[in-house]
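Engineer: There's a structure below that I have some questions on.
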Amino acid sequence: MKLLCGKFELDLSSPLIMGIVNVTPDSFSDGGHFNSPELAIAHAMQLIEQGANLLDIGGESTRPGAQSVGVEEELERILPVLVGLSHCGVPLSVDTLKPEVMRAVIHAGADMINDVNALQSPGALQAVADSRVAVCLMHMQGEPRTMQHNPRYHAVLAEVKTFLAARIEASEQAGIARERLVIDPGFGFGKALEHNLALLHGLDTFQTLGVPLLAGLSRKSMLGALTGLSVTERMVPSVAAAVISAMKGAKILRVHDVKETRQALQIFSAVEEAR
Ligand code: 7PJ
């Protein structure tokens, strides 16, 4: 499986690691730590050294309860980091749901748009259509500010799958080639623990949509709910979740702990290649 991703063409025959680069002052797991372009760039370079195959740069926190920021402020956070990393050698994804931000970062050289809103904002499909960037279409129920208040589903797997199929269809209709698309069930985005577990258990069913699957479970609250560990203590559960995702067919793993995930995936790949 291949993914067209801006200046890159990614080989997805084994899972890739997407390292998280937050440039938000309020991100839940590392908020404020990399709150200057220099620090964020240094952190990003370290993630590449540790084995990140792509980077996801986010300038607006989408954690539960987070308030949204304006276009100007989001771009002020992202652009210096994006430009500073333009020769880093790996594809650069930008985590945003705003069409204005999408257009600006594509112009500035982003290779991928990671949209937790699956290009549903007015103008979002058009903002990415006329470019070469890859797009991650993620499922979310509700909006970040209120999504964890009372998530409800009749059949979470089927509902998320139907939604993603519709967003693939809408993207293709808008002229975004299938080879540019990635899908993601959106762990923790309007989902209670039972929903997150059902999605992870049934993750392999998303493979039938014929588009590579991205999974983001790193340090998320479901891992805290299962272990009692605080957010800074969740490395081992995060790596376990990444390996489970890989075994169920995820092709891109969005993680904070790149070095440890890389080590775990070496075992996964060896087993995959055994006959
Ligand atoms: C995800 C994301 C995810 C995708 C965040 C966090 C919250 N994008 N952005 N998938 N999560 N595609 O890092 O925990 O799961 S922000």
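Engineer: In segment 1-142, what percent of the accessible surface is made up of carbon and sulfur (1.4 Å probe, ligands and nucleic acids excluded)? Don't jump to the answer; show the numbers that get you there.
Structural biologist: Working: 2950 of 5650 Å².
The C+S portion of the solvent-accessible surface of segment 1-142 is 52 percent.
Engineer: So, with +1 on the Cβ of K and R and -1 on the Cβ of D and E, and no other charges, what is the size of the charge dipole of segment 149-275 about its Cα centre, to the nearest 20 debye? Intermediate values should be presented prior to the final figure.
Structural biologist: Numbers: 15 positive and 12 negative charges, 33 e Å.
Dipole magnitude for segment 149-275 comes out near 160 debye.
Engineer: Say R0 is 25 Å: what FRET efficiency, to the nearest 0.05, do Lys2 and Glu172 get from their beta-carbon distance? List each step's numbers first, then the result.
Structural biologist: Details: r = 17 Å, r/R0 = 0.67.
Once rounded, the FRET efficiency stands at 0.90.
Engineer: Quick check: from the Cα gyration tensor, does segment 122-166 come out rounded (a/c under 1.5), prolate or oblate? Please report the intermediate quantities before stating the final value.
Structural biologist: Details: a/c = 3.33, a/b = 1.76, b/c = 1.89.
Oblate.
Engineer: Shifting gears a bit: Go through 151-162, 68-79 and give me the packing order, highest mean Cβ count within 10 Å leading.
Structural biologist: Working: 151-162: 15.5, 68-79: 17.7.
Going by the mean number of other Cβ atoms within 10 Å, highest first, we get 68-79, 151-162.
Engineer: Heavy atoms of the protein only, probe of 1.4 Å, neighbouring chains included. What is the accessible area of Ile168 in Å², nearest 10?
Structural biologist: Near enough 10 Å² of accessible area.
Engineer: At a Förster radius of 45 Å, what calculated FRET efficiency corresponds to the Cβ-Cβ distance of Leu229 and Val83, to the nearest 0.05? Each step should come with its number before you reach the end.
Structural biologist: Details: r = 36 Å, r/R0 = 0.81.
My answer for the efficiency is 0.80.
Engineer: Give me the accessible area per residue for segment 190-274, probe 1.4 Å, as a whole number in Å².
Structural biologist: Working: 3680 Å² over 85 residues.
That works out to 43 Å² for each residue.
Engineer: P(r) of the chain in 5 Å steps, Cα pairs, percent per bin?
Structural biologist: It works out to 1, 6, 13, 18, 21, 19, 13, 6, 1, 0, 0, in whole percents.
Engineer: Mind checking the per residue accessible area of segment 98-141 for me, 1.4 Å probe, whole number of Å²? Numbers along the way, then the final one.
Structural biologist: On the way: 1530 Å² over 44 residues.
On a per-residue basis, 35 Å².
Engineer: Ranked highest first by the average count of other Cβ atoms within 10 Å around their residues, in what order do 14-22, 208-216 fall? Can you show the working numbers first?
Structural biologist: Details: 14-22: 24.9, 208-216: 21.2.
Peptide ranking by packing, descending: 14-22, 208-216.
Engineer: In terms of the Cα gyration tensor, with a ≥ b ≥ c the square roots of its eigenvalues, is segment 172-275 rounded because a/c is under 1.5, prolate because a/b exceeds b/c, or oblate?
Structural biologist: Working: a/c = 1.89, a/b = 1.26, b/c = 1.51.
Verdict is oblate for segment 172-275.
Engineer: For Asn150 and Glu272, compute 0.36 nm times the residue count separating them, minus their Cα-Cα distance, and round to one decimal in nm.
Structural biologist: 40.0 nm
Engineer: A follow-up question, please. Select from the chain the helices, each a whole stretch of DSSP H, whose alpha-carbon atoms run 15 Å or more along the helix axis and whose Kyte-Doolittle mean is at least -0.5; answer none if there are none. Mind showing how you got there, number by number?
Structural biologist: Numbers: long enough: 37-49 (18 Å, 0.66); 71-84 (19 Å, 0.57); 156-173 (26 Å, 0.37); 235-247 (18 Å, 1.92); 258-273 (22 Å, -0.27).
Span-like helices, by this rule, are 37-49, 71-84, 156-173, 235-247, 258-273.
Engineer: Measure off, as a whole percent, the carbon and sulfur share of the 1.4 Å-probe accessible area of segment 205-261, all protein chains present.
Structural biologist: 59 percent
Engineer: I'd like the distance separating the alpha-carbon centroids of segment 191-259 and segment 38-89, in whole Å.
Structural biologist: 21 Å
The values are calculated or read from the model by the stated rules, or taken from the named source; none is laboratory data. Everything numeric here is computed off the predicted structure, so don't read it as measured data. Reconstructed Cβ throughout: ideal geometry from the backbone, glycine too, with neighbour counts over all protein chains shown. To get the accessible areas, we keep the full protein, side chains included, count just its heavy atoms, and leave off ligands, DNA and RNA. Shrake-Rupley method; radii C 1.70, N 1.55, O 1.52, S 1.80 Å.
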